[in-house]
Amino acid sequence: MLTPLDRLLDGAQNALATITGSLHAERPNPGRGEPEVVLDEDERRHAAGLMRINHVGEVCAQALYVGQAAVARDAATRRQLLAAAQEETDHLVWCADRLRELDSRASLLNPLWYAGSFAIGAVAGLRGDGWNLGFVVETERQVEAHLDEHLRVLPEADARSRAILATMKSDEARHAANAEAAGARSLPPSVPSLMAAASRLMKTVAYRL
């Protein structure tokens, strides 16, 4: 059984690997099966900005899940959170791959995004596993909505980014459904509103930085 110190060290290792881009995906990148097309400069810059937002979202997801798992009281809840975190790792790597293909980079503020999200995840987890899972459900619902928006506004020809986001959306919906089935509690209305406001700020900043 892992001690609190073990979990802290695991969290620190995950933070370093996430921020430095040294995590590895377990599943193949769904975008690799799509043809690469030449986008004009405005389309390339726009697609890169959107994929940078999605990469930041996955940095935050890593931190949230690891933070929640670090304080989860039930072993089954902890395993569920860490399994979801592994799929979020796949998303993180896929988005990083696509950013490189678009001749762009990850957000310069990733250490800040990670630290803030880890703290939020740990606080959510301390409320108990029902609240922990409720936070997962709301997070994934908001991510699904944001992915829908990006699928609408990506350059039409950017099939590689679209394939990545479509797979991510399917995974996020499953994470939310699994959390609901495991006993997620409904969050107070103020919490989703605060989460949405924080997400809007992140998207505005990450598109450029």
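Values for this structure:
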| quantity | calculated |
| --- | --- |
| Computed label-point distance, nm, for sites residue 104 and residue 145 using a 7 Å Cα→Cβ extension | 2.3 |
| Principal-axis tilt of helix 41-71 within the chain, Cα atoms, nearest 10 degrees | 10 |
| Helix axis angle, 159-181 relative to the chain longest principal axis, alpha carbon, degrees | 20 |
| Protection proxy ranking of 22-32, 69-79 - average other beta-carbon atoms within 10 Å, highest first | 69-79, 22-32 |
| 0 to 90° range, to nearest 10: angle between helix 75-101 axis and the chain longest Cα axis | 20 |
| Loop sites in the range 99-174: trypsin sites (Lys or Arg not before Pro), DSSP, at most 16 other Cβ within 10 Å | 105, 127 |
| Which of 114, 65 has the fewest Cβ neighbours within 10 Å, and the rest in rising order | 114, 65 |
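Every number in this text was worked out from the coordinates using simple rules, so none of it is lab data. Keep in mind that what you see is a predicted model, and the values were worked out from it rather than measured. Here the Cβ is made from the backbone with ideal geometry for all residues, glycine too, and neighbour counts use every protein chain on show.
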